[in-house]
Amino acid sequence: GCASLNKGRIVIYGPGKRTTKVATDARAIARVGQDLWIARRIGGGIDVHDNKGTFKRRLDYFGEISAIAGRAGSTAIGFEDGMLEIRRKGGAQSFLFEGTSPAPVTSLLFGPKETLIAGFADGLVGVWDSNDGLLLRSSRLHGAVEWLAYEGKALLATSEVGDQRRIDLQVLGKDYCAILKGVRHNIPLVWRDGEARSPVAQDLRSCNTK
């Protein structure tokens, strides 16, 4: 069934209008595979339930969790202090995400090509490489980021006061060789070591041999 979060209360709606109340103190929820992950306001941590609402296990965290996002094999967790964490099947990966905000994480979304998109209470929107925490793109809205969506080849972000941004992520959907060809088209030659050279000629030769 589907689940809703309203003022800390989580309800799962099943077939035949059947409803199951799962929590009354939730801060964030996310579908991770077939499970429902619930970040608790009281006591912290994450409770994992199956798709019928049955409790399965608890994941303990010291920080206060403010946002969660899931996809196959990976879970992103955002905290009140602006920290981000990636948790995969083998456990949590420990590395710092560069350029994050000290404000609470308000929204999380997995994007194209192993990226993680996060919105913060101070309006920051960032796109990070989820494998090493490298900041790839960023923008800022007026007001806390309330909604993120990846549509087509762009990120759509909306704040609680209605400010909006459309961030082009087309380049992130391309493979490495396609990006190099785009660089060659836009910057055919650079001056290097006293002569005009293609900035990507050597890398393109490896692409052509594939």
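Among the candidates THR106, THR100, single out the residue that is in a loop (DSSP other than H, G, I, E, B), in contact with a strand residue (DSSP E or B) (Cβ under 9 Å, 6 or more places away or on another chain), more than 30 Å from PRO15 (Cβ to Cβ) and open to solvent by 30 Å² or more (accessible area, probe 1.4 Å).
Working: THR106 fails: in a loop (DSSP other than H, G, I, E, B).
Result of the check over THR106, THR100: THR100.
Kindly indicate which of ARG18, ARG27 is of a type in the set (Lys, Arg), under 12 Å from LEU5 (Cβ atoms) and free of Cβ contacts under 8 Å to residues at least 60 places away in the same chain. It would help to see each step written out before you state the result.
Details: ARG18 fails: under 12 Å from LEU5 (Cβ atoms).
Selected residue: ARG27, the only one of ARG18, ARG27 that is of a type in the set (Lys, Arg), under 12 Å from LEU5 (Cβ atoms) and free of Cβ contacts under 8 Å to residues at least 60 places away in the same chain.
Can you name every residue in the range 59-89 that is part of a strand (DSSP E or B) and small (Gly, Ala, Ser)?
As a first pass, look at the range 59-89 and keep what is part of a strand (DSSP E or B): 59, 65-71, 74-79, 84-88.
SER66, ALA67, ALA69, GLY70, SER74, ALA76, GLY78, listed by residue number.
Report, by residue number, each residue of the range 163-196 that is modelled with pLDDT of 75 or more and open to solvent by 50 Å² or more (accessible area, probe 1.4 Å).
GLN164, ARG165, ARG166, ASP168, GLN170
Under 7 Å between Cβ atoms, at least 6 apart or on separate chains: pull out the pairs that start in the range 36-57 with a residue that is at positive phi and end on any residue that is part of a loop (DSSP other than H, G, I, E, B) and open to solvent by less than 70 Å² (accessible area, probe 1.4 Å).
GLY44/TYR61; GLY45/TYR61
On the basis of being in contact (Cβ under 8 Å) with a residue 12 or more places away in the chain, over 14 Å from the mean Cα position of the chain (by Cα) and surrounded by 14 or more Cβ atoms within 10 Å (Cβ to Cβ), does ASP81 make the cut?
yes
Of LYS56, LYS21, LYS52, which residue is in a loop (DSSP other than H, G, I, E, B), basic (Lys, Arg) and farther than 25 Å from LEU116 by Cα? Walk me through it before giving the result.
Details: LYS56 fails: in a loop (DSSP other than H, G, I, E, B); LYS21 fails: in a loop (DSSP other than H, G, I, E, B).
Just one listed residue meets the conditions, LYS52.
Of all residues being open to solvent by less than 10 Å² (accessible area, probe 1.4 Å) and among the hydrophobic types (A, V, I, L, M, F, W, C) in the range 109-125, which is nearest to ARG140 (Cα to Cα)? Just the residue, please.
VAL125
Mind listing just one residue for me: the one in the range 140-160 that is in a strand (DSSP E or B) and open to solvent by 30 Å² or more (accessible area, probe 1.4 Å) and, of those, nearest to LEU116 (Cα to Cα)?
It comes out as TYR150.
Which of the residues that make up the range 59-78 are farther than 20 Å from ARG137 by Cβ and either loosely packed, with under 12 Cβ neighbours inside 10 Å or touching a Ser or Thr at 6+ places or on another chain (Cβ under 8 Å) (or both)?
ASP60, PHE62, SER66, ILE68, ALA72, GLY73
The values are calculated or read from the model by the stated rules, or taken from the named source; none is laboratory data. The structure presented is a predicted model; accordingly, all values stated were derived computationally and were not measured. Counting neighbours? That spans all protein chains shown, and the Cβs are built from the backbone with ideal geometry, glycine included. Side chains are part of the model used for accessible areas, which takes the heavy atoms of the whole protein and leaves out ligands, DNA and RNA. Shrake-Rupley method; radii C 1.70, N 1.55, O 1.52, S 1.80 Å.
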